[in-house]
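No value in this document is a laboratory result; all are computed from the given coordinates. Owing to the predicted nature of the structure, the values given are computational and were not obtained by experimental measurement. Because the Cβ atoms are built from the backbone with ideal geometry, glycine has one as well, and the counts that use them run over all protein chains shown.
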Amino acid sequence: FGIRLLPYVSLLGVLLTPLIFLPHSLGSVAAGVAIWGLIMGANESVLKAAVATIVPKARRAWGYGLFEGLYGIAWFAGSVLIGLLIEKSIIWMVIFCVVVSLLATVFYFLSSYIDSGKKLTKEKNSH
C-alpha cells in the first residue's frame, strides 16, 4: 500500500484524542492507545520508505536526518501547543487535535492525488 495508506491511517487519528480524553473509560483509552500504535507504526515505516524513494541513495542519510529533525521539531511544537491548550480546556485540546488530524488527512489525500497524476503523466510520456 505504501504512501497511499497514510490518508486512511491519518483519518484514524481523528478518533484518537476524543477516545482517550473524552469518555474516561478504560475501553476507550485502550482503543485510543491501539489506534495511536497503528498510526505511529504506519507513519514510521511508510514515511521512511517514502524518503528512501525521494532522496538519491548518496544523500539518503542527509534526507533521513532532515526528515527526522523536522519531524521532531514539529512534534515538540505540537506538544507544547497541546500542553498549553490542555491547561485551558480539554475540549479545546481535543478540537485542536481533531482539526490537525483532519488537515493531515486532506494533505495526504492531496499529495497522493498529485503523486498519482505525476505517475500517469510519466507513463503517458514514456509510451
Within a Cβ distance under 15 Å of ILE95, other residues only, what is the Lys/Arg minus Asp/Glu net charge? 0
Listed candidates (1) 1.36; (2) 1.59; (3) 1.25 - label of the one calculated as Cα Rg over 2.2 N^0.38 Å: (3)
With only helices counted (DSSP H, runs n ≥ 4, each -39500 (n - 2.57)), the per-residue ellipticity at 222 nm for the chain, to the nearest 500, works out to -31500 deg cm²/dmol
Return a whole-number percent for the relative contact order of the chain, with Cα pairs under 8 Å and 6 or more residues apart as the contact set. 37 percent
